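Below is one structure, written out as structure tokens; comments come after it.
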Amino acid sequence: MIDDAILARADRLLAACRAAGLMLATAESCTGGLVAAALTAIAGSSDVVERGFVTYSNAAKTELLGVPAELIAAEGAVSEAVARAMAEGALAHSAADIAVSVTGIAGPGGGSATKPVGLVWFGLARRGAPTRTRQEVFPGDRGAVRRAAVVQALALLAPT
């Protein structure tokens, strides 16, 4: 799952954040910690990676990130609002400067007409800036969706 291309992307991201003096945090659901794993596979990443939250369950999203249970009940865990709240919660519960969140339906089951398998929402929160969100629908099986989500999360974290 964490191949050489992902490791190269993670290495470039770490170098860019290091140069900018930025610390990162991740808040992951469907990727199960793969974004943080890709970053921490690189030696010396501890000067950039502040922490990672694996919040696979709705309860974990609420307990660890402060995502309101009412928001999850109203919008669903795979939604723009929850992705935003996860990213903002990761910042609020860390010393990071930038946080990315990932929540989606990797499959093979769990999809619906309005939320198909492959749907992934991302949040990007940065101290002093508005939180951004992004939706993608990735093709393929569970592994392909998770890999694509990791690549997208790393791209979103790149300082601009």
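Tabulated data
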{"item": "Selection within segment 1-54 - assigned to a helix (DSSP H, G or I), acidic (Asp, Glu) and touching a residue at least 12 places away in the same chain (Cβ under 8 Å)", "result": "11, 47"}
{"item": "Criterion (part of a loop (DSSP other than H, G, I, E, B), open to solvent by less than 80 Å² (accessible area, probe 1.4 Å) and without any contact (Cβ under 8 Å) to a residue 12 or more places away in the chain) met by exactly one of 110, 140, 128", "result": "110"}
{"item": "Tabulated pairs, segment 75-95, first surrounded by fewer than 19 Cβ atoms within 10 Å (Cβ to Cβ), second aromatic (Phe, Trp, Tyr), C-beta under 6 angstrom, 6+ apart or interchain", "result": "80/121"}
{"item": "Qualifying residue in segment 108-131 (condition: under 17 Å from residue 2 (Cβ atoms) and under 15 Å from the mean Cα position of the chain (by Cα))", "result": "no"}
{"item": "The one condition in (1) open to solvent by 50 Å² or more (accessible area, probe 1.4 Å); (2) over 20 Å from residue 117 (Cα atoms); (3) in contact with a helix residue (DSSP H, G or I) (Cβ under 9 Å, 6 or more places away or on another chain) that residue 58 fails to fulfil", "result": "(2)"}
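The values are calculated or read from the model by the stated rules, or taken from the named source; none is laboratory data. Model, not experiment: these values are computed from the prediction. Using ideal geometry, Cβ is built from the backbone for each residue, glycine included, and neighbour counts are taken over all protein chains shown. Only protein heavy atoms, including side chains, enter the accessible area calculation; ligands, DNA and RNA are left aside. Shrake-Rupley method; radii C 1.70, N 1.55, O 1.52, S 1.80 Å.
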